[in-house]
Each structure stands twice: as structure tokens, then as C-alpha cells.
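Since the structure comes first, as C-alpha cells, the remarks are kept for the end.
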Amino acid sequence: QSLLSVFVGTVGIGVSALNVSSPIAGFLGATTYVLLTAFVVCFHSARFLVFTWTAGAVVVAVLFARLAPDDLALALCAAGVVVVLNVFIALVCRAAVTLVQPEAHHGDIEQVTGLLHRDAFYRGVATLLASRSRSDDQYLVMVAVNIDSFSLLMGLSGAQAGTRARVAVGQALRETVRHNAIVAHVSSGGFHDFLVADSFTTPDASPLVERIRGAIAGTPQKLTASIGVVCTPLPPLAAEPPDEVVDKLISVATTAIEQARMAGGNQVRYVLRPDLGEDPGEPGGDDWPDNGKDDWPDNGKSA
């Protein structure tokens, strides 16, 4: 719909500018291409901007040819105004997008949800591991989120309903986590998981997890999710390859998701201080079942 709107707008502005009897009025109408320029720069690729500008250039050239025989100086000034306005607006919008999202590149974004894809998530976690302080009270928290009954939703309501659900959960996560948190949407084997990575000063990630659960429940579809949470101290990770660390943590978190799903869904499973030297498919350390409650059970273990 967005691309169609830009296409219709591009053609419509050109036809309107060329149909007026006065070339000056046509140039005035052609200046509205700046609106399309701003929209395309903010939300679409450079290739689509080439289409809009090519159509605009044809319109400006025709108007210039009509006005130049009567007043060449005025034709040059009018054409220059249209060109300068579009270039200026494109540069301003591009700078604004860069300032708003300084750490994100279009190539890092998963198309459906607007979150990071798997490779960008791995790079983000590697940067987090390298840049954050590794004092004894710092922990890395990995949260994996899987929408409950997603296959049933797809079967009953179709692929569009599934897409809307993923978009809603992605938006809920963006609005819930901290600005510096790393949030991704990954798909594998028919499963669609959302991943959140952040550093904490304590091993208790339950406040974040409960905010996430509340945000997902507040989506228009009133969704629920099975969530696996892994919390591990940062210092021991310093000597490990970042990609291997992420692989193991994701495996532990997805296994925790399976446990939550088998227990009925809409629940959380916490894994504290997993032994990453073990088989990543078998969570080690302290595995604290949450059973969907707000607090961590008191099992006598120190956090």
C-alpha cells in the first residue's frame, strides 16, 4: 500500500503539473514532489527514490521547454528551485533517520517486524560483551519469546493474521525494553522467536519479563507467549567466542521455551547461571520454573 501510494502520487503530481496551462503554475505544482521525496527517504529504498526523481525530472524538463522560449531566466530559476528543494529535503530526512537510529542499518533490519535479524543480533551481542563492564555484579540476560498457538492462529485466520501478530509483538518489545537492549526476530523450522539481550546489575530479570508479558497481553490480538530467560555472569564470557556464547544461550533459552509450552503456555522458565560447557540443548545451572507467576520461587539458592 505504501509503494502504491508513492507510485500514484508520483504519476498524479506529474500529470497535474503538465495539464495546467501556465508553466509557472506547473512548476509550483512540481514542488510538491518534496513530500514524496521525504516519505521515500524515510521509509523506502534509494532505488524507489530514483523512480520518483526520474518522473519528476521528466516533468521539470517538459515545463522548462514550455517556459524557456518566453523567459529563459525564469525557467532556469523555477527548475532550479524544484531540484534544490528535493535534494535539500532528501539530505535533511536522511540525516534525521540516521540520528533517530544511529546503531541500525537498513541491511540489519528484518522486513516484517522492523527488528534486527539473526546476524545483526549476533553482532549486537558481541558488541555488548566487548563494551560493557565485566565487574562481578554484571549479568547478561537473554530473553526468548515465542507466541503461543501461533500455528493455530495461522491455520484459523491465515498468514496475514500471523504477520499482524508478529508485528504487534515486535512493536510491544520495542516499546518495553531499554533503548540499549538488543531486540531481534528470527525464524527457523517454522518457529518464529523474538530475542532480547541486555546487561543487568542483578540476576533478577523478572521485572523486564513481566513488562514484556504485559505488553504482549496488551496487543490488539490479546496474545500470550511462552518465554525462556537465561541469566549468566558476564566475566566468564570474556574468554569465549561471542558467536558460540550466543548460540549456547539461545539454545538454553529455546529449551526453556519448550518447557513453558509443554506446561500449557503463557508461562516463563528461568535458567540462572547455565553451564555453557554442557550440551546447550540441556540447560544447566539453576533452572527455576516460574509457572506464569510474578515472583521467582524461593528454592533456597542464592541469586
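The values are calculated or read from the model by the stated rules, or taken from the named source; none is laboratory data. Predicted, not measured: the structure shown is a model, and the values here were computed from it. Counting neighbours? That spans all protein chains shown, and the Cβs are built from the backbone with ideal geometry, glycine included.
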Please go through segment 61-113 and give me each residue that is among the charged types (D, E, K, R), modelled with pLDDT of 90 or more and either surrounded by 11 or more Cβ atoms within 10 Å (Cβ to Cβ) or under 23 Å from GLY170 (Cα atoms) (or both), ordered by number.
ARG66, ASP71
State all residues of segment 1-21 that are closer than 25 Å to ALA65 by Cβ, buried (at least 16 other Cβ atoms within 10 Å of the Cβ) and among the β-branched types (Val, Ile, Thr); if no residue qualifies, say none.
THR10, ILE13
Go through VAL92, VAL20, VAL59, VAL84 for me and flag whichever is more than 23 Å from LEU4 (Cα to Cα) and touching a Gly at 6+ places or on another chain (Cβ under 9 Å).
VAL20
THR255 fails exactly one of (1) crowded, with 20+ Cβ neighbours inside 10 Å; (2) at pLDDT below 90, namely (2)
Output the qualifying pairs, or none if there are none: Cβ atoms under 8 angstrom, residues six or more apart or on different chains, first residue in segment 240-257 and over 15 Å from TYR139 (Cα atoms), second residue among the acidic types (Asp, Glu) and surrounded by fewer than 24 Cβ atoms within 10 Å (Cβ to Cβ).
THR254/ASP193; THR255/GLU282; ALA256/ASP287; ILE257/ASP193
When segment 22-40 is checked residue by residue, the ones that are over 22 Å from ALA75 (Cβ atoms) and surrounded by 22 or more Cβ atoms within 10 Å (Cβ to Cβ) are LEU36, VAL40
All but one of (1) among the hydrophobic types (A, V, I, L, M, F, W, C); (2) farther than 21 Å from LEU116 by Cα; (3) in contact (Cβ under 8 Å) with a residue 40 or more places away in the chain hold for PHE194; which doesn't?
(2)
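For VAL230, are the conditions met, namely being touching an Asp or Glu at 6+ places or on another chain (Cβ under 7 Å) and crowded, with 24+ Cβ neighbours inside 10 Å? Give the derivation first.
Details: touching an Asp or Glu at 6+ places or on another chain (Cβ under 7 Å): no; crowded, with 24+ Cβ neighbours inside 10 Å: yes.
No; evaluated as a whole, the condition is false for this residue.
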Enumeration of residues in segment 41-55 that are surrounded by 18 or more Cβ atoms within 10 Å (Cβ to Cβ) and β-branched (Val, Ile, Thr):
VAL41, THR52
With (1) among the aliphatic types (A, V, I, L, M); (2) over 14 Å from LEU128 (Cβ atoms); (3) out of contact with any helix residue (DSSP H, G or I) (no Cβ under 6 Å at 6 or more places or on another chain) as the list, and ALA225 as the residue in question, which single condition is left unmet?
(3)
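Taking the condition of being assigned to a helix (DSSP H, G or I) and either touching a Pro at 6+ places or on another chain (Cβ under 8 Å) or in contact (Cβ under 8 Å) with a residue 12 or more places away in the chain (or both), how many residues in segment 28-60 meet it?
Within segment 28-60, the first condition is being assigned to a helix (DSSP H, G or I), and the residues that meet it are 28-30, 33-43, 46-60.
Narrowing further to those that are either touching a Pro at 6+ places or on another chain (Cβ under 8 Å) or in contact (Cβ under 8 Å) with a residue 12 or more places away in the chain (or both): 29-30, 33-43, 48-49, 51-53, 55-56, 58-60.
Final tally of qualifying residues: 23.
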